[in-house]
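All of the numbers you see were taken from the coordinates with simple rules; none came from a lab. All values reported here derive from a predicted model rather than from experimental measurement. Using ideal geometry, Cβ is built from the backbone for each residue, glycine included, and neighbour counts are taken over all protein chains shown.
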């Protein structure tokens, strides 16, 4: 997958470069429209259109039968059974086109995620830097490491060592906009956006607490649902919900305390306080 992304990334950088100065919704909408048209063309070419037409006719016949014999319960049930079987047949006929449609769609979605789903740190914002060490490297005493940061970033705390996770954490503060390096590429962080020197979006610095506030403010999700999206759902996604994502006996004591406006007041990792506002 890394090789595929390495090949596709410059292609999408080139294709999306003309839209760098526009709101993200513009290129996302255009790409979605183009992908939708291509999906329809591929579906038409790869699906068994005569078979699908026959299935549709059977479904329509079943619907008409229900309308004609609406006073005959037995006829209605038999028609519904035929409609259900016809729908399952229709789904079976769509499986083969999905083999050709889904893989490229997933790759396009991944590239859009890389380009538009992240926001750069704004001056004054804080973030936790987590370094996961190999188990053998993290065994025993606390490892001796040094953190070198570019200008514009400052470590507000020393390294917090969590032996059970073989993990080191620092709390970082973004002091100013600036030029940095990400994945071997020069990037510019300005006004919350991470861009390449030519203006192409290269990532995001959206913090998780801001993401929760956005979900609560701009969607119909409740606060408990937004919190679960940021905690238990990702923990389940990466297979660590047995120890992360919720406060239960036996789980890691990773806790974030928020105020009424959902700003972070305090963060605990493994039971240790690593940040206080």
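For segment 207-277, the relative contact order works out to 19 percent when only alpha carbon pairs closer than 8 Å and six or more residues apart are counted.
Based on alpha-carbon atoms, the Kirkwood radius and the radius of gyration of the chain give Rg/Rh equal to 1.10.
The packing ranking, built from the mean of other Cβ atoms within 10 Å per residue, places the peptides 258-265, 41-48 in the order 41-48, 258-265, highest first. Against the main long axis of the alpha-carbon atoms of the chain, helix 208-218 sits at an angle near 40°.
Report summary: the helix-based calculation at 222 nm, which adds -39500 (n - 2.57) for every DSSP H run with n ≥ 4 and divides by the residues of the chain, gives -15500 deg cm²/dmol. For the peptides 160-169, 3-12, the ranking by mean Cβ contacts within 10 Å, running from highest to lowest, is 160-169, 3-12. The distance between label points at residue 57 and residue 81 comes to 2.4 nm (points 7 Å beyond Cα on the Cα→Cβ vector). Distance from the C-alpha centroid of segment 228-262 to that of segment 62-117: 36 Å, rounded to the whole angstrom.
Here the extension length gained between residue 129 and residue 266 equals 47.8 nm, from 0.36 nm per residue of separation less the Cα-Cα distance.
Set the Cα radius of gyration of segment 44-161 against 2.2 N^0.38 Å, with N its number of residues, and you get 2.21. Working from Cα pairs under 8 Å separated by at least six residues, relative contact order for the chain is 13 percent. Rounded, prolate or oblate: which fits segment 207-277, taking a ≥ b ≥ c as square roots of the Cα gyration tensor eigenvalues, rounded meaning a/c under 1.5, else prolate when a/b beats b/c? Here segment 207-277 falls in the oblate category.
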